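Below is one structure, written out as structure tokens; comments come after it.
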Amino acid sequence: MIRSVSVKSAIKDAVEIFQFDLWLRFHFVTEEDGQLWIRVPDQVMEQIDKDHPSLHRLADMVNNAPIDYKRAQENVCAYVGARLDGQKYEHTVLPQVFDSAAFKIEMYIFNLWMKMHEQHLDEEYTDFKGWLELYAGWNSLDEVKEYRAKLVDSGTDPGTPSCPTAQ
């Protein structure tokens, strides 16, 4: 099997996995007896399998399980490692992804979008495809493009999630 060495493609794939995890936690975390759980309804799991089969395994892995920040990070990193590192991409690619400014900026911008639109996103359920469409629309605004360019030009690290297990 030929594995890709494209850092750009790997960034896109890793970002999608992180975004999907954030979407899952945004919509499906419930509190039960003082502990947080991810509970994805069966109908949504079926829709994920249909629309995003490559992400269904992550949803299945975290569904009906307790969740906190540490577990979420471990789950995503394990999933990224299992699905991308050595499978789709050479082992040397993912460490470059998590060290790249492009990955960090993309995750920072996505988190910024979530925070800015949290109230709107919370008003009604939007499937993951819908979230990506909303984000793409916002991301195409001139103000966002200018801000992204400033981040790129500044060379500063916006401080985004890392995956020590995948390095």
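What to note about this one:
- Candidates Val44, Val40, Val15, filtered to the one that is more than 18 Å from Gln73 (Cβ to Cβ) and assigned to a helix (DSSP H, G or I): Val44
- Close pairs (6 angstrom Cβ cut-off, 6 or more residues apart or separate chains): free of Cβ contacts under 8 Å to residues at least 12 places away in the same chain in region 52-63, β-branched (Val, Ile, Thr) anywhere: His56/Ile48
- Hey, Asp99 among the acidic types (Asp, Glu), farther than 20 Å from Tyr79 by Cα and either open to solvent by less than 50 Å² (accessible area, probe 1.4 Å) or over 13 Å from the mean Cα position of the chain (by Cα) (or both) or not: no
- Filtering region 33-55 to residues that are open to solvent by 40 Å² or more (accessible area, probe 1.4 Å) and closer than 16 Å to Ile17 by Cα leaves Asp49, Asp51, Pro53, Ser54.
- Top-ranked residue in region 60-77 [being farther than 17 Å from Val15 by Cβ and of a type in the set (A, V, I, L, M); ranked as most open to solvent (accessible area, probe 1.4 Å)]: Met61
The values are calculated or read from the model by the stated rules, or taken from the named source; none is laboratory data. Since this is a predicted model, take the numbers as computed values, not measurements. Methodologically, a virtual Cβ is constructed for each residue, glycine included, from the backbone with ideal geometry; neighbour enumeration extends over all protein chains shown. The accessibility values were calculated without ligands, DNA or RNA, using every heavy atom of the protein model including side chains. Shrake-Rupley method; radii C 1.70, N 1.55, O 1.52, S 1.80 Å.
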